[in-house]
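The values are calculated or read from the model by the stated rules, or taken from the named source; none is laboratory data. The shown structure was predicted, so the numbers you read here are calculated from the model rather than taken from an experiment. Because the Cβ atoms are built from the backbone with ideal geometry, glycine has one as well, and the counts that use them run over all protein chains shown. The area values use the complete protein model at the heavy-atom level, side chains included, leaving out ligands, DNA and RNA. Shrake-Rupley method; radii C 1.70, N 1.55, O 1.52, S 1.80 Å.
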Amino acid sequence: QVQLVESGGGLVQAGGSLRLSCVASGTIASINVMGWYRRAPGKERELVATMSRVGSTNVADSVKGRFTISRDNVKNTVHLQMNSLKPEDKAVYYCSYATLGSVYWGQGTQVTVSS
């Protein structure tokens, strides 16, 4: 089992920045992918960015150049630096941890961007 605890959401004006963090605890596999998804009101959950332990990334086109994902394998943390936020980035952001055959989710953290 893996537990994920997120932090860093909040309210920001358009053009502003936020940094999300997620800490994983429990049985951490040597092969895993950690990252972020989001669900906007009335929409399905979508990929934001993920990163493997060896640094391979997958980033949504809608956030490329604005959001940066990073991770610390020693501390089992993943971060999402979000710059130049837009109103359309408003969503609940979920931390994810995936390993062979299993996916775990955090409880979600709200990001609200005012115009």
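Is there a residue in the range 17-35 that is touching a Phe, Trp or Tyr at 6+ places or on another chain (Cβ under 9 Å), within 15 Å of Val103 (Cα to Cα) and open to solvent by 80 Å² or more (accessible area, probe 1.4 Å)? No: the range 17-35 contains no residue that is touching a Phe, Trp or Tyr at 6+ places or on another chain (Cβ under 9 Å), within 15 Å of Val103 (Cα to Cα) and open to solvent by 80 Å² or more (accessible area, probe 1.4 Å). Of all residues in the range 1-24, those that are within 30 Å of Ser115 (Cβ to Cβ) and among the charged types (D, E, K, R) have Cβ atoms under 7 Å from Cβ atoms of residues that are open to solvent by 30 Å² or more (accessible area, probe 1.4 Å) and not in a strand (DSSP E or B), 6 or more apart or on another chain, in Glu6/Gln107; Arg19/Gly8.
Listed residues Ser96, Ser70; which is crowded, with 19+ Cβ neighbours inside 10 Å and either under 10 Å from the mean Cα position of the chain (by Cα) or part of a strand (DSSP E or B) (or both)? Before you say what the answer is, go through the steps one by one.
Details: Ser70 fails: crowded, with 19+ Cβ neighbours inside 10 Å.
After applying the criteria, what remains is Ser96.
Output the residues belonging to the range 36-50 that are more than 10 Å from the chain's Cα centre (by Cα) and either assigned to a loop (DSSP other than H, G, I, E, B) or not basic (Lys, Arg) (or both). Across the range 36-50, the qualifying residues are Ala40, Pro41, Gly42, Lys43, Glu44, Arg45, Glu46.
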